[in-house]
Every structure is written in structure tokens, then in C-alpha cells.
1. How many of the residues in the stretch 222-243 are closer than 20 Å to Pro399 by Cβ and open to solvent by 20 Å² or more (accessible area, probe 1.4 Å)?
2. Based on what the data block shows, is Thr271 polar (S, T, N, Q), closer than 27 Å to Pro399 by Cβ, open to solvent by 30 Å² or more (accessible area, probe 1.4 Å) and at pLDDT 95 or above?
3. Checking Ala497 against (1) in contact with a Leu (Cβ under 8 Å, 6 or more places away or on another chain); (2) in a helix (DSSP H, G or I); (3) open to solvent by less than 10 Å² (accessible area, probe 1.4 Å): exactly one of these is not met. Which one?
4. Sort out which residues of the stretch 188-210 are among the charged types (D, E, K, R) and within 20 Å of Ala54 (Cα to Cα), and write them in order of number.
5. Go over the candidates Leu302, Leu348 one by one and state the one that is modelled with pLDDT under 95, in contact with a Lys or Arg (Cβ under 9 Å, 6 or more places away or on another chain) and either closer than 20 Å to His272 by Cβ or assigned to a loop (DSSP other than H, G, I, E, B) (or both).
6. Would you kindly identify the helices (runs of 4 or more DSSP H) lying entirely within the stretch 1-64 that contain at least 2 residues that are modelled with pLDDT of 95 or more, open to solvent by 70 Å² or more (accessible area, probe 1.4 Å) and within 22 Å of Glu172 (Cβ to Cβ)?
7. Listed residues Ala122, Ala100; which is farther than 30 Å from Thr261 by Cβ and not in a helix (DSSP H, G or I)?
8. Which residues, taken from the stretch 279-301, are more than 26 Å from Glu356 (Cβ to Cβ) and either out of contact with any Gly (no Cβ under 8 Å at 6 or more places or on another chain) or open to solvent by 50 Å² or more (accessible area, probe 1.4 Å) (or both)?
Amino acid sequence: MTHDHDLVLRPTEAQRAAALAPPPGRTGGDLVVETLCSLGANTVFGLPGQRALALFDAVGRSDLRFVGLRTENNAGFAADAYGRMTGEAVPLLLSAGPGALMALPALAEAAAASAPVVAISAQVPVAGLGGGRRGHLSELRDQSASFREVVKSVHSARTPSQIPSVIAEAWESALTAPPGPVYVEIPEDVLRDETVIPQVTGVDATPHELAPRPELTAVAAHWLENAARPVIIAGGGVIRSDAAGKLRLLAERVNAPVVTTYGGKGAFPWTHPLSLQSWLEDRHTTDFLEDADVLLVVGSGLGELSSNHHTFFPTGRVVQIEADLGKLESNHAALGIHADARLALQALLETVSEREDPTAPERVRLLLADISARAAAQDAAQERELLTSIRAALPPRSPSFWDMTALSYRAWSAFDPKHPNTMHSAQGAGGPGYAFPAALGAAVAEPGTPVLAVSGDGGAMYAIAELATAVQHALDVTWLIVDDGGTGTEPTRPDFAALAASFGVPATTTTPQSLRTDLTQALKTPGPSLVLLPTPHI
């Protein structure tokens, strides 16, 4: 009889040879790199620092592509976008102390957006750990404590032999639904000292699937097929699980209108007869959702923005599908289904019967007409014209990244992303300066595809140093800076066009009337470019 505990993986001859005769001079940093390569990584982001030099030296000896940015926070934003675009775990390499702490805002955004960033940070030497005050450069009493309430999980390696297993554990955590950023900490001397541990060749980190419980999806299917006015709210979980196709099939089967959250934009076709688009901060939409007798919420926690600033109170039955257990029923009582969106939607498709409702498209049309009339009555004509020009200039499958600025707030509701996973912003955590470094990360992930970043003049100042990164790596990113004077704050700011030119980046100063033409040309031009739009406050 063979028992499970008798089954072991036998090394290949090549693995045996590598184990018996590892190359000389290898360090703990090499163990990190070998583990990352074994897990499938091919690109890493970061910024070298003294405590982490052995790690970056090992990267230089490897086949990994290193994309270095000018600040750790911007490197984190770039890694975040790479993870969003590819769905793959992406390493972010950091030094100790300030070098690590500088990445916290970016990791907070990655946590809010469920981006699988694996932050690997150096630490002071082992002898300096444990809370003592030995005076090491970059010494903190407990560096990992700064990350524990931000990231999904915290991991540490204190000896070379722990490195492969610790990184594999972190990698698996980052990719298991709900995905998210994780933090790994390794002391400087563990990274620096030579090791006799054999080359890492057989590391595996398979994320766990989060399937729904069948008795819950059976109830949800029964409610949907017997509803009088079902509505679906599609959140970012639909995008992350690549479930847009299944969402559309379900909506069409039960004739349920669909509204997408700002993080879920693109999860449902904008012009579909059942599409309520993304007008979640409009009271007409809020009333429509409150009138639903069955509300299916997929991949959203119905947080502040998705609930119209907590003014939404459902009156019918609510079904919430959510991979993040902490978000399940956190705002509204519901039939909570703790599951990955793709697996849960598939279970519903296998169970639910077709529901006829010829009135649904007309109800959608009337709601959108009410929203349009309200918008027309507002003093927002210039914003609408600018978004129309941007949409016309941007290729349908090109991703766009939006900073926290007035035009972006309008775009959250009004911009048609055309395809899933093509519109991203920092609305999860709300940090400034996200758009341009994130767009650089997306350009690394999708070479040959033009990428757009949209910033205000204030947000642009957080990322201006990354013009050097864009030039260094010849990244195909167009940066649209809407210079509106800071929306009332009136900051002193540079001549952005001249500053871009000093980096060797072609820059164009445009007008609202010529924006479409100038932006189209910039997006067609290989490499980085900047389009500056001076405009009154919008």
C-alpha cells in the first residue's frame, strides 16, 4: 500500500548535479533571485539602497529585468500597475528603514485594489533585530509592524535556508483570492553572506481556489430567477478574476441591469442595453438600486464611493459575492457568498434559469436619460468635452491611469473604458501621484501598447522625477497634465513642457479645442511624451 506521506518528488539528474556543485560566491541575495525565477518572475521593480545591495547585485547577475524608479513609492505604484495588468505576482525590492517606509502609500493602494505585489525588503543585520537600539543605519524597533496593518500578510527570513520557503509562502498569499500585496523581510547579512545552500530549482506556490458553497449559490439563483426587479453591482473583483464574460452571460440570462463600481469599470459593456454604466454617485442610480427587490453585488464591499458615500440603503434582498472575508456583509446584511467572483458566477450560470423581462432595457434607458439631464444642467461642459476628446484619442485597448484630480473624479462616472482592465486610478486609497508611475508599470507589462496617464499639476509634482525612468527604459507612455492651478490651492509649479524637454521628452502645449488632435499624435509617437493642457479651474 502506498500512503500519501510516502510520495516524494525525486530530483532530476540536472538538479542533483546543481545541488552537488553549486556555483561559488553565491549569497542569500542569489537565493532570493533564484526563488523568484523559479516562481516565474521575469521583471522586478525597486530602488537600490545600502542594506539591500547584495539583493540588487544578485538581480544584476540574473536574467531578471530590473526596472528602477526614482522613489520607492513610485516603484510601488509601477509594480501595482504591472500586477493589475498581468494578474501575476510582481516583486518590489526595497532597502531598510526609510527605503522601505517610502513604499507604504503605494502598498496601501495595492491593498485597496487587490494588486499582487510581493515587497521584499532588507533589514539591519540579525544582531540588530529584536527591539534593541544598537544604532544601525535605518534601524527601526519593529520594521515589519509598519507594514502589518497595510499588506495582506507579513513574512520574514532570518537564515538563508528559510528564504525559498518564505518567499514561496508570500507569493502564494499574494495570488490567492483576494489577491493583494505582501511583505517579506530579510536582514542585510543574510542577503550578503555566502551560502552553501544548493541552487533553488523546484519552488512551487499555487494559489488556493476560493469556490462558493453550493447551497448558497442555489439560493441566490432561486432569488434571481424569481425576482421582479433584479439589479447587479459589478466591482473590481470581476476584473481581477477575469469574469467579465460570465457576468454578461448571467445579466442577459436573468435580464438584470448592471452598474459597475469605479474599480469595476469595464466589467460590463458601456453601451449594452442593460448597462447602467458607472454613475454610482448620482442619486437617480441610488434610487434605482434601492428599488431592486434582488440586488446581486459581485466583487465589491459597497464601500464609501460604491454606496454614494453611504447614502445607499437597499430595501430588497441582497446577495454579496466577495473574496475578501472582511468585506462580506461589512456594510449591508446579505446572503454572503465568500468566493472568487469567477467561480461564483460560473456556479450561478450552472444553476439559474432564464428570466424574461422586456421592460429592463427601457428602465435602463429612462434612468440614463435622467442622469444625462441632470449632468447637462450642471456647469461641467468643459469636463465632458475633455473626456470626449480623451476617449476619441485613446486606442480602445490602451490602458489609462488617472490621478486624484478633478477631471478624474468626473471620469470615474463618465468615461467609457471600452474593455475590462483598461482604466485604473488611485481611488482605492486616494493617494496622489499614482498615474504616471503606474502607467510606466503598465507599459513594462504590455510593451508596444501606448499607455495614457492623466494628472493634475499638483499630482504631477509627485512623479516628475520618473520622466527620467520613462526615457531610460523608452516606455511608451503619454502623460496628460491638466494644469488648472491646483483647483483653488494655487501652488507654485514649473513649466511642465520645458521640464519635460530637459529630460528629452517631447512636449506639446495644447488647448481644449486641439486636445484630441495633439493627444492622438502623442499616443502614436513611440516612447514617452507629455501633453500639457493649461485650463481654468475645472
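1. Of the residues in that region, 3 qualify.
2. Spelling it out, Thr271 is indeed polar (S, T, N, Q), closer than 27 Å to Pro399 by Cβ, open to solvent by 30 Å² or more (accessible area, probe 1.4 Å) and at pLDDT 95 or above.
3. With respect to (1) in contact with a Leu (Cβ under 8 Å, 6 or more places away or on another chain); (2) in a helix (DSSP H, G or I); (3) open to solvent by less than 10 Å² (accessible area, probe 1.4 Å), Ala497 is out only on (3).
4. Correct list: Glu188, Asp189, Arg192, Asp193, Glu194.
5. Answer to the selection: Leu302.
6. Per the criteria, no element qualifies.
7. Sole residue among the options that is farther than 30 Å from Thr261 by Cβ and not in a helix (DSSP H, G or I): Ala122.
8. Across the stretch 279-301, the qualifying residues are Trp279, Leu280, Glu281, Asp282, Arg283, Thr286.
The values are calculated or read from the model by the stated rules, or taken from the named source; none is laboratory data. What you see is a predicted model; the values in this text were computed from it and never measured. Positions of Cβ are backbone-derived with ideal geometry, glycine not excepted, and every protein chain shown enters the neighbour counts. Just the protein is used for accessible areas: all its heavy atoms, side chains included, with ligands, DNA and RNA removed. Shrake-Rupley method; radii C 1.70, N 1.55, O 1.52, S 1.80 Å.
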